[in-house]
Amino acid sequence: MTGVQKVLHISSILDAGASDCLPPMPAAQLLERKIARAVSQSAAPAASELTEEVPDSLLGLFLGNPNLVRLGDLAAIHAGAAPRRAWSRRVAPPDDAWRGVVTSGVMGRFHVGKPEAYLLWSRFHLFRVPDRSEYDVPEKVLLSRSGPPLVAAVDKSRLPVGNDVYSLVPREGVGAGFLACLLNSRLLDFYGNRLAGNQDSRLRPESIREIPVPDPERVSMQQFARYAALLAHFGPNPQSWIDRQSRDEVLEEMDDAVFALYGAGREAREGLAAMHF
């Protein structure tokens, strides 16, 4: 068995649920251990080698599909603001000199909570002061830097984001709900974690820009805006079992709509299920 085959074999075991018995650890560290165990004293495999087992029916959804465009063509992607010093971040309600910042700690799929951190809004205390166009818009999409799974939310707070979140500002005519639904779907979760080349489980701007998405001029975005609004209403942790059941039904309906956009047939869906997505 070659080193690459060992990696794929261990990956399939972990994806099947064996990772439940491992002690909790960051996703990046877990992946490093997987590779180290499988390919001891040899070079780590490239991203293309880690995806050799992907069925052609799935690859065909993203490669050579004439109905797709790049995510970078639909939205501007901005990194978050980072403090120069540790004391430039607070977790208590601020005074006028501090600005609330949305971080991944208050993000769920489709849901953004109250700001979790506050930064002193000064060029002396921030590595980069973001332009207002990066955050002061009616709707933007927030995408957590780390995964899996991909976690995106529609944000209406008009607040900047921290350095653990990307801010995606849709171009005119592109709905934030449409983009959030795509990013939270099983299909793009699979793409982001198997095909985008993020071996350390952290998304990078260049890989986000290259995500293939359906051309919004060919679809009705109102349907996806409705999904995003419903799922944001339920929030990340519905208390009632009725709300949980309703939320799962909306998610399933949304996934079906995304599959249809990409032209996924039964074979592609079965391939996705076999890979535990």
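The values are calculated or read from the model by the stated rules, or taken from the named source; none is laboratory data. Predicted model only: the values in this text are computed from it and were never measured. A quick note on method: Cβ atoms are made from the backbone with ideal geometry, for glycine too, and the neighbour counts reach across all protein chains shown.
Listed here are the strands (runs of 3 or more DSSP E) enclosed by the range 63-160 that have at least 2 residues being touching a residue at least 60 places away in the same chain (Cβ under 8 Å): 68-70, 75-79, 98-101, 140-144, 152-155.
Is it the case that the range 225-234 has a residue that's out of contact with any strand residue (DSSP E or B) (no Cβ under 6 Å at 6 or more places or on another chain) and in a loop (DSSP other than H, G, I, E, B)? Within the range 225-234, not a single residue is out of contact with any strand residue (DSSP E or B) (no Cβ under 6 Å at 6 or more places or on another chain) and in a loop (DSSP other than H, G, I, E, B). Can you go through Asp256, Asp243 and tell me which one is of a type outside the set (Gly, Ala, Ser) and under 20 Å from the mean Cα position of the chain (by Cα)? Answer to the selection: Asp256.
Looking only at residues that are touching a Gly at 6+ places or on another chain (Cβ under 9 Å) and surrounded by fewer than 18 Cβ atoms within 10 Å (Cβ to Cβ) in the range 222-261, which one is farthest from Leu182 (Cα to Cα)? If we take residues in the range 222-261 being touching a Gly at 6+ places or on another chain (Cβ under 9 Å) and surrounded by fewer than 18 Cβ atoms within 10 Å (Cβ to Cβ), then Asp243 is farthest from Leu182 (Cα to Cα).
For Leu187, the stated conditions hold: it is part of a helix (DSSP H, G or I), assigned by TED's automatic domain parsing to the domain that holds Pro236 and farther than 16 Å from Arg209 by Cα.
Filtering the range 176-201 to residues that are in contact with a Lys or Arg (Cβ under 7 Å, 6 or more places away or on another chain) and farther than 26 Å from Gly271 by Cβ leaves only Ala176.
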